[in-house]
Amino acid sequence: MKVSKLKSGQNVIIRLSELTDAEALVAFIHQVSGETDNLSFGPQEWTVAPEEQKENIKRFQEAPNQLCLIAEVDGRIVGNLTFRGGIRSRTQHVGEFGISVLKEFWGSGVGRLLLESLLEWAKQSKVIRKINLKVRSDNDSAIYLYKKLGFKEMGTLTREFLIEDTFYDCLCMGIEID
């Protein structure tokens, strides 16, 4: 658990998810999916029930190359980061993360703190050697943050997202952990 100050002066807690977070995490994901088109799913497309989410959290807790982080302000989930490493020996050292932050906390530092916690965990894990991500190529603020933290562009996937009859490209980025 790590307590930090946001740009607003509010305290934010970055911590590992717990089984008791399942219901609040489901509610958070439903809310955030309706606030942005930058996720790989839209409103109401994420259909995991709280009991299923408990099982997901349990799997994150048990795997040495998986992580589920919560950002909490005043007892409320305002951000989430999940990282999944490969399941086979040849790919267990590499994985991909997803991150989401409530719109009212965009630009506050929550995303940066979640990412810094991921990078710190990866370095200490002795398992993770590379972290990948995919981001919509027009999500300039996220791309700026990723580059600031050391992620490099690896390529572009064209027409990766289709939102309301419009295609969007996806930028692949990564960082080596050594």
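Structure notes:
- Database remark: amide H of Arg129 closer than 5 angstrom to the amide H of Val94 (H placed geometrically; neighbours at sequence offset of 5 or more, or on other chains; Pro and chain starts carry no H).
- Segment 1-76: C-alpha pair distances exceeding 13 Å, %: 70 percent
- Sorted ascending by nearby beta carbons within 10 Å, beginning with the fewest, Asp165, Asp21, Asp140 become Asp165, Asp140, Asp21.
- Cβ-placed point charges (K, R +1; D, E -1), dipole of the chain about Cα centre in debye, nearest 20: 900 debye
- Reach of Lys134 by Cα under 27 Å, taken over lysines that are not fewer than 8 positions away in the same chain: Lys2, Lys7, Lys54, Lys58, Lys103, Lys123, Lys126, Lys147, Lys148, Lys152
- Taken over the alpha carbons of segment 78-139 as equal point scatterers, the Debye sum produces base-10 log I(q)/I(0) values at 0.13, 0.30 Å⁻¹ of -0.39, -1.29.
- Euclidean distance of C-alpha centroids, segment 64-98 and segment 1-50, integer Å: 12 Å
- Sorted peptide list for 10-18, 150-158, criterion being average Cβ within 10 angstrom, highest first: 10-18, 150-158
- Convex hull volume per residue in cubic angstrom - Cα atoms of the chain: 121 Å³
- Each other residue within a Cβ distance under 10 Å of Tyr168 adds +1 if Lys or Arg and -1 if Asp or Glu, for a net charge of -2.
- When shorter helices are ignored and each DSSP H run of at least 4 residues is given -39500 (n - 2.57), the per-residue value for the chain at 222 nm works out to -9000 deg cm²/dmol.
No lab work stands behind these numbers, since they all come straight from the coordinates. Small disclaimer: the values here were computed from a predicted structure and weren't measured. Reconstructed Cβ throughout: ideal geometry from the backbone, glycine too, with neighbour counts over all protein chains shown.
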